[in-house]
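Laboratory data are not the source of any read-out in this text; all were calculated from the coordinates shown. Not measured: the values here are computed from a predicted model. Ideal geometry is used to build each Cβ from the backbone, glycine not excepted, and the neighbour counts take in all protein chains shown.
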Amino acid sequence: MHREGRPPERLTSRSPQSGDRAREITRGFLRETEPNASRADVDAVLLGVSELVSNAVRHAGGVTDFRLDSRDGGVLVEVSDASVRRPRTVQINPSVPGGFGWLLVRELATDVTVTLHPGEGKTIRASFPLRSAA
């Protein structure tokens, strides 16, 4: 995984099909690329990744591509699926579980874009800040 003692800056993974697996992959990536990131920021990235992957599995038949890219001061998360439907924010009903995922991602990330690929699906890109804990 390391070349010349340097951690990876980009990871393209076999597409995780659960939020748990996506968190595991992301946690390992951040440990290698951003070892000094604050715990709160890492937790926000892990929550965002989990929600993006869970939504792709639940609403779009699964993840078709998953990428992590370490950038100055943060990480870019890309999750692709086979649905051409844009995510939508739903009115939250406290008596019904769920419905918070897309709202959480938009709240935690500094930038979120949705790119439709006609006949193929979509890619959601979310940028998350990573400040140093020290």
The helix 39-60 Cα axis meets the longest alpha-carbon principal axis of the chain at an angle in degrees, between 0 and 90 and rounded to 10, of 40
Taking the reciprocal of mean 1/r across every pair of different Cα atoms in the stretch 10-129, the Kirkwood radius in Å is 14.4
So what's the gap between the Cα centers of the stretch 107-132 and the stretch 45-82, to the nearest angstrom?
-> 8
For every helix of n ≥ 4 consecutive DSSP H residues, a contribution of -39,500 (n - 2.57) applies; sum these over the chain, divide by its total residues, and give [θ] at 222 nm rounded to the nearest 500 deg cm²/dmol.
-> -11000 deg cm²/dmol
In nm, to one decimal, how far is the modelled label at Ser95 from the one at Asn36, with both set 7 Å along Cα→Cβ?
-> 5.2
Among 112-119, 65-72, what's the highest-first ranking by average C-beta atoms within 10 angstrom per residue?
-> 65-72, 112-119
